[in-house]
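Q: This is the structure, below, for whatever I ask next.
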Amino acid sequence: CDDDDPCTMDVCGTAAGCLHPAVTSWDSVLCVFERRVIPFECRNPLPEPLAARLEKAELLLNVASAEPHPRPACRTLKRAGRSARKAQRFATRWRDSGLLPFHCGQAIVDQMIFLRARIQELRPGVC
């Protein structure tokens, strides 16, 4: 039943077969950086400004998830969302101008859209 997606739980039921519900809470945003949907040839190497935004978003999410107080966690979560938005904009711009191969830029854009949606889903429970 393993779908090899860290953003889903793998549940094997006898009647329904395999189910893959989305993970929740902090796992729902942290899992995005464990997914293998950006092709390897696209990651080696990424343009420095894009790589820096992705690393910053991941770092901020890890810091926010470890924060015991809601207010600082909320602020850090918002900052991570802004870093993801900037990474998405960089990838879109470079994809459209040909600085990144189209499939690489699109994979990064898709992941940042996915991450930002997960952050928006998480915010009401944190903020």
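The values are calculated or read from the model by the stated rules, or taken from the named source; none is laboratory data. Remember, it's a predicted structure, so these values are computed and weren't measured experimentally. Methodologically, a virtual Cβ is constructed for each residue, glycine included, from the backbone with ideal geometry; neighbour enumeration extends over all protein chains shown. Surface accessibility is based on the protein's heavy atoms, side chains included, excluding ligands, DNA and RNA. Shrake-Rupley method; radii C 1.70, N 1.55, O 1.52, S 1.80 Å.
Q: Yes or no: E67 among the acidic types (D, E) and closer than 21 Å to E121 by Cα?
A: Yes.
Rundown of residues vs (1) in contact with a helix residue (DSSP H, G or I) (Cβ under 6 Å, 6 or more places away or on another chain); (2) aromatic (F, W, Y); (3) modelled with pLDDT of 95 or more, yes/no style:
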| residue | (1), (2), (3) |
| --- | --- |
| E41 | no, no, no |
| N44 | no, no, no |
| A51 | no, no, no |
| E58 | yes, no, no |
| N62 | no, no, no |
| F90 | yes, yes, no |
| S97 | no, no, no |
| G105 | yes, no, no |
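Q: Another one. Give the residues of region 14-66 that are of a type in the set (V, I, T) and either open to solvent by less than 40 Å² (accessible area, probe 1.4 Å) or assigned to a helix (DSSP H, G or I) (or both), sorted by residue number.
A: V23, V29, V32, I38, V63
Q: Just to be sure, is R71 over 17 Å from the mean Cα position of the chain (by Cα), crowded, with 17+ Cβ neighbours inside 10 Å and either closer than 18 Å to F33 by Cα or not hydroxyl-bearing (S, T, Y) (or both)?
A: It is false that R71 is over 17 Å from the mean Cα position of the chain (by Cα), crowded, with 17+ Cβ neighbours inside 10 Å and either closer than 18 Å to F33 by Cα or not hydroxyl-bearing (S, T, Y) (or both).
Q: Only one of R82, R36 is under 26 Å from C127 (Cα atoms) and basic (K, R); which?
A: Only one candidate passes the filter, namely R82.
Q: Go through (1) surrounded by 11 or more Cβ atoms within 10 Å (Cβ to Cβ); (2) in contact (Cβ under 8 Å) with a residue 24 or more places away in the chain one by one and return the number of the condition V11 breaks.
A: So V11 meets the others, but not (2).
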